[in-house]
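Colleague: First the structure, which I've put down as C-alpha cells, then a few questions once you've had a look.
The values are calculated or read from the model by the stated rules, or taken from the named source; none is laboratory data. In this text, all values refer to a predicted model and were calculated from it rather than measured experimentally. Every residue, glycine among them, receives a Cβ derived from its backbone with ideal geometry; neighbour counts consider all protein chains shown. Surface accessibility is based on the protein's heavy atoms, side chains included, excluding ligands, DNA and RNA. Shrake-Rupley method; radii C 1.70, N 1.55, O 1.52, S 1.80 Å.
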Amino acid sequence: MKIFQYDTIDSTNNEAKRLIQQGETPSFAVYARQQTAGRGRLGRPWETPTGNVAVTMTVKPPVDISTQSTIAPLTALAIYDVLKPLMRAEDQLAIKWPNDLLINEAKVSGTLIEADRSAIYIGVGINVETKPEHVPYKTVCLSELTEVKADQLVKDLAAAFEKYHARWQMEGFEALIALYNKRLYRLNQPLRISLDREKQTWQEGICCGVNRYGHIQLKDDQGHIKAHSAGDIDAPPK
C-alpha cells in the first residue's frame, strides 16, 4: 500500500479525500506525524500531537454495500496484530467493539470510518508518545509500555490491514468472526450498550460476540439475543 507521509496536516481523512479528488486511486494510506483537526466518532475531537500516529487507509467501496459495516472490525484486527507484539507479559490487549483498542481497559487507539462513492476512508489514531488526559475514560500510550517508532508502526499497520482486507474481499467477514470474537472486550461477560447519543438509556446483557454484519450481540436474562448496530459499550456499573 502506497503511503503519503506528512509532518503536519489538518486531518488524514480530509487529505485522503483531497487526493481522491486530485485523481489518486485507492488503495493508499495517508500518514501524519501531527494532526491539527482530527476527529473521532460522533464528531468528537481526536488529539494527535507530534509523536502519535494518525493514518488513513483508503480503499474502494465493496461491490456489496451491505458488507461495508464489517470494515470496522476488520480494521480492529489489523491494529490488534500490530500492537500485540508490543505488549508486556502482564498487559491485556482487547478490542472494544467495534474498533477501539484497549490495553488493560484503557483506550490506546480509535478509528473513524467515512465513505463516499469513490472510497472508504479508515482513519486510525494511536497514542504512541502521549495520551489525552481530559476525557471521560481511561487512556494509555505505548511509550508507557515500550519504545516504539511511529513510522514503522504505520508501515506495519498498512501491511496488516492489506492482509485482512484481501481476505475479507475473498472470503467475507464470516471468515474473521471467530478471530474477532476471541479478541473482544468482555466476551461472555456482562456488558451494556447505550441506546441514545446522550447515554441516558442503556441495555445490559451477556456479550455473545458479533454476527456476520459486525453487530454486537447481547443476551438478556430470558436468553434472548439482540444485535445492535450502533452505540457505545461499557462494563455495567458496579
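Colleague: For helix 12-21, report the angle its Cα long axis makes with the longest principal axis of the Cα atoms of the chain; keep it between 0 and 90° and round to the nearest 10°.
Modeller: Approximately 60 degrees, to the nearest 10.
Colleague: Compare the Cα positions of 76, 87, 5 along the charge dipole of the chain (+1 at Cβ of Lys, Arg; -1 at Cβ of Asp, Glu; about the Cα centre) and return the one farthest towards the positive end.
Modeller: Of 76, 87, 5, it is 76.
Colleague: Let me ask you something else. So what's the net charge close to residue 168: Lys and Arg +1, Asp and Glu -1, counting the other residues with Cβ under 15 Å from its Cβ? Can you show the working numbers first?
Modeller: On the way: positive: 60, 163, 167, 212; negative: 64, 81, 162, 171, 174.
Residues near residue 168 contribute -1 overall.
Colleague: Grab the other residues whose beta carbon is less than 15 angstrom from that of residue 92, score K and R as +1, D and E as -1, and report the net. Intermediate results must be reported in sequence, preceding the final value.
Modeller: Details: positive: 84, 88, 96, 107, 138, 182, 183, 186; negative: 90, 91, 100, 105, 144.
Once all neighbours under 15 Å are counted, the net charge is +3.
Colleague: Then there is this: Just the number, please: carbon plus sulfur as a percent of the accessible area of the chain, 1.4 Å probe, no ligands or DNA/RNA counted.
Modeller: Working: 5620 of 11850 Å².
Looking at the chain in its full context, I get 47 percent from C and S.
Colleague: Could I ask something else about it? For a distance above 16 Å, tell me the whole-number percent of Cα pairs in the range 186-234 that qualify. Walk me through the numbers before you get to the answer.
Modeller: Values: 367 of 1176 pairs.
Tail fraction, whole percent: 31.
Colleague: Under a GNM of the chain (C-alpha, springs under 10 Å), which listed residue has the highest mean-square fluctuation: 196, 64, 220?
Modeller: Maximum fluctuation in the GNM of the chain, among the listed residues, is at 64.
Colleague: Further, regarding this structure: How charged is the neighbourhood of residue 2? Take every other residue with its Cβ under 13 Å from the Cβ of residue 2, and add Lys/Arg as +1 and Asp/Glu as -1. Let's see the in-between values first.
Modeller: Values: positive: 155; negative: 24, 162.
Local charge sum for residue 2: -1.
Colleague: Could you give the distance between the Cα centres of the range 171-238 and the range 83-117, to the whole Å?
Modeller: 16 Å
Colleague: In addition: Would you compute, from DSSP H runs of 4+ residues alone, the mean residue ellipticity of the chain at 222 nm, taking -39500 (n - 2.57) per run and dividing by the full residue count, rounded to the nearest 500? Don't skip to the end; give the middle numbers.
Modeller: On the way: 4 runs with 51 residues, N = 238.
So the helix-based figure for the chain works out to -7000 deg cm²/dmol.
Colleague: Above 34 angstrom, tally the Cα pairs of the chain and express them as a % of all pairs, no decimals. Don't skip to the end; give the middle numbers.
Modeller: Numbers: 3323 of 28203 pairs.
Result: 12 percent of Cα pairs exceed 34 Å.
Colleague: Choose one of 146, 115, 126: the residue whose Cα lies farthest towards the positive end of the charge dipole of the range 103-163 (beta-carbon charges +1 Lys, Arg; -1 Asp, Glu; about the Cα centre).
Modeller: Farthest towards the positive end: 115.
Colleague: Check each of the GluC sites (Glu not before Pro) in the range 138-188 and keep only those in coil by DSSP with at most 14 other C-beta atoms within 10 angstrom; list them in order. Before the final figure, lay out the partial values.
Modeller: Numbers: sites: 144, 147, 162, 171, 174; in loops: 147.
Loop-located and lightly packed - 147.
Colleague: Then there is this: Mind pulling the angle between the C-alpha long axis of helix 71-83 and the longest principal axis of the chain? Nearest 10 degrees, somewhere in 0 to 90.
Modeller: 80 degrees
Colleague: With every protein chain kept in place and ligands, DNA and RNA left out, what is the accessible area per residue of the chain? Probe 1.4 Å, answer in Å².
Modeller: Values: 11850 Å² over 238 residues.
For the chain, the per-residue accessible area is 50 Å².
Colleague: How far is helix 150-171 tilted, in degrees, relative to the longest principal axis of the Cα atoms in the chain, given as a value from 0 to 90 rounded to the nearest 10?
Modeller: 60 degrees
Colleague: Moving on. At 0.36 nm per residue, minus the direct Cα-Cα distance, what do residue 1 and residue 133 gain on full extension? Give it in nm, one decimal, please. Don't jump to the answer; show the numbers that get you there.
Modeller: Details: separation 132, 0.36 × 132 = 47.52 nm, distance 3.32 nm.
Gain in length upon complete extension: 44.2 nm.
Colleague: Separate question: Spelling out what I want: for every residue of the range 135-142, take phi, set θ = phi - 60°, compute 6.51 cos²θ - 1.76 cosθ + 1.60 (Karplus), and round to whole Hz; glycine and proline get x.
Modeller: Listing the rounded values in order: 10, x, 7, 6, 10, 8, 10, 5 Hz.
Colleague: Is there a quick way to get the dipole size of the chain? I mean about its Cα centre, with the Cβ of Lys and Arg at +1 and of Asp and Glu at -1; what is the value in debye to the nearest 20? Display every interim value, and only then the final one.
Modeller: On the way: 29 positive and 29 negative charges, 58 e Å.
The calculation lands at about 280 debye.
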